[in-house]
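Below you'll find the structure, written out as structure tokens, and then a few comments.
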Amino acid sequence: MTHSLSLYDISRAPSIAADMSHVATAGEVNGYILEKLGNALQGTKIIIIAAGVPQKPNIARVDLFNTNAPIIRDLAQAISEDAPEAHILIISDPMNSTILIVTEVLKKATKFNPTK
């Protein structure tokens, strides 16, 4: 059972959280903006990263990587500081690279756990 859902986005999370809070469950839904990422991660047990832009036919993989890599890196750094025990699911393209970014950031912070 989910008791709390924290949504984070650079701009839309509060309005999406407000919409989701109307779902008839006992859980709490909160939306956080850029400056409140640490608050969104506090006490988190599962993190799903769906950040960045999706692959489009006219975008080269290197351009996709150059756009998404800094976003993923910054999220991984915040996770290492505010939710190092959380399980992390990454669904951001290019996945083969974004997973490695998260792994390396967590290793550098000595927070890497390969089971999570």
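The values are calculated or read from the model by the stated rules, or taken from the named source; none is laboratory data. Keep in mind that what you see is a predicted model, and the values were worked out from it rather than measured. Note: ideal-geometry Cβ built from the backbone for every residue, glycine included; neighbour counts use all protein chains shown. Side chains included, ligands, DNA and RNA excluded: accessible areas come from the protein's heavy atoms. Shrake-Rupley method; radii C 1.70, N 1.55, O 1.52, S 1.80 Å.
What net charge do the residues around Ala50 carry, taking every other residue with its C-beta under 11 Å from that of Ala50, with Lys and Arg at +1 and Asp and Glu at -1? List each step's numbers first, then the result.
On the way: positive: none; negative: Asp9, Asp93.
Value of the local net charge: -2.
In whole percent, and with a 1.4 Å probe on the protein chains, what portion of the accessible area of the chain is carbon and sulfur?
Within the chain, the accessible surface is 58 percent carbon and sulfur.
In terms of modelled amide H atoms, which long-range or inter-chain residues lie less than 5 Å from the amide H of Ile90?
Ile49
Accessible area per residue, 1.4 Å probe, Å², for region 24-116: what's the number?
Spelled out: the 1.4 Å probe surface of region 24-116, per residue, equals 62 Å².
Return the long-range amide H neighbours of Tyr32 (sequence gap of 5 or more, or a different chain), with a cut-off of under 5 Å between placed amide H atoms.
Residues meeting the amide H criterion: Leu7, Tyr8, Asp9.
Lys108: which lysines have alpha carbons under 26 Å from its alpha carbon, excluding same-chain residues fewer than 8 sequence positions away?
Straight-distance partners of Lys108: Lys36, Lys45, Lys116.
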